[in-house]
Amino acid sequence: MKLLLALLLLSASAFADTPPALNIFKLKAGNATGTLITTNGVISASSSPFGVTAPLLFSSNTLSIPASSSTVDGYLSASNFVLFSSKQNALTFGNFTASSPFSITGGTGAIIGSGLSLSVASGYYFPTTNDYSLWNSKLGFLTGDVSTAGNVATLASVGTAGTYTKVTTDAKGRVISGTTLSASDLGSGTASSSTYLRGDQTWQPVVGGVTSVFGRSGTVTAQSGDYTTTQVTEGTNLYFTNARAQAAVLSAPVTVTGSASIPVGQFFTVANCSSSCVITLPTASSALGARYSIKTIGSGIPTVTAAGSDLIDGASTAPLTFQYTNLDLSAVSAGWDIL
């Protein structure tokens with residue numbers, strides 16, 4: 001509302017009998033008028049032609065405006081002005097944006113503040129579409145004997161497919177040719193049915209070879225009676241016969257009349273000593289598993305002793321205590337066991 005204020009001032013000097021300073025104000029608001037009278041600068045009377053709205057107040061001839069608070073509209077105090085002046089400047093809202101290869105989605109006002117963008121840190125690299133195509137066909141970088149077609153690498157053909165007994169390779173170890181073996185490939189000399197390949201890779205003639213077997217030449221097939229023990233020359237180890245086995249087990253006892261060493265294979269020994277004597281056993285390792293028996297018939301009592309470091313039931317000797325007693329022993333790895 002536009003307020004037109006007409007002021008009519010009457011000077012106190014016009015009234016010699018009225019010493020106070022009197023001011024009379026005419027107020028007009030639209031078609032309404034009012035009066036405001038002040039005496040010595042103090043409102044003494046008024047008639048208002050208008051009403052006031054918050055934050056303005058008019059009461060008891062006083063027009064005022066209160067200080068603002070959280071619940072009251074009014075003027076801003078100096079302290080509040082300093083406080084508000086130090087606040088954050090007004091913020092703007094915008095969309096989060098980024099450049100390729102990133103794709104950002106979000107609505108308006110997704111972020112606070114303008115000008116924000118996303119970038120790739122230094123030292124990192126994103127390939128272009130051209131780079132991708134090049135790397136995707138990386139087999140194209142292969143050189144030499146390798147050819148590529150798309151993502152497939154193919155070796156160059158350097159030989160002929162086949163099966164060979166003799167091959168030739170190149171410096172890279174690839175077979176480049178093949179053929180069959182000949183006698184000269186195996187060794188020097190001439191290969192034939194009367195020669196053999198010696199360890200030094202030379203063909204040597206067969207000297208003094210067998211020309212027949214049991215009177216038969218050519219391809220010899222074994223027949224009954226071809227190979228018997230009578231045709232085999234024996235060495236130190238004798239072949240088995242029933243007679244030999246029976247002779248070993250049923251051999252007659254050997255009688256000694258004084259101290260003696262029992263040889264391997266002498267399983268039965270009779271001691272006919274007239275005084276004390278010593279009967280020494282063979283080493284147990286030479287008679288493993290064999291059983292030896294010693295009997296005394298003389299008036300002298302013999303002492304049976306083990307050879308070397310052998311022991312007889314943990315002792316080095318085993319006496320025959322009485323005349324006409326016997327001692328049976330078995331050879332084991334640690335010596336002799338009394339049976």
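Modelled spin labels at THR255 and LEU186, positioned 7 Å past Cα toward Cβ, are 7.0 nm from each other. Amide hydrogen proximity for ALA290: with H placed 1.01 Å from N in the peptide plane, the residues at 5 or more positions away or on another chain lying under 5 Å are ALA331. Put a dot 7 Å past the Cα of THR228, heading toward its Cβ, do the same for THR168, and the two dots end up 6.2 nm apart. Taking other residues whose beta carbon is less than 13 angstrom from the beta carbon of PHE268, and scoring Lys, Arg as +1 and Asp, Glu as -1, yields +1.
Percent of C-alpha pairs per 10 Å bin in the range 176-291, short distances first: 9, 19, 17, 13, 14, 13, 9, 4, 1, 0. Computed extension gain for ALA243 through LEU311, at 0.36 nm per residue and net of the alpha carbon distance, reaches 21.2 nm.
For THR280, the residues 5 or more places off, or on other chains, whose built amide H falls under 5 Å of its own are ALA260, SER261, ILE262, THR305. The slack between SER194 and TYR324, meaning 0.36 nm per residue of separation minus the straight C-alpha distance, is 39.6 nm. May I ask you to derive the FRET efficiency for ALA67 and ASN130 from their Cβ-Cβ distance with R0 = 41 Å, giving the value to the nearest 0.05? Using R0 = 41 Å, I get an efficiency of 0.05.
How big, in percent, is the set of alpha carbon pairs in the range 246-338 lying more than 22 Å apart? For the range 246-338, the share of Cα pairs beyond 22 Å comes to 20 percent.
Every number in this text was worked out from the coordinates using simple rules, so none of it is lab data. Model, not experiment: these values are computed from the prediction. Here Cβ is always computed from backbone atoms with ideal geometry, including for glycine, and neighbour counts include all displayed protein chains.
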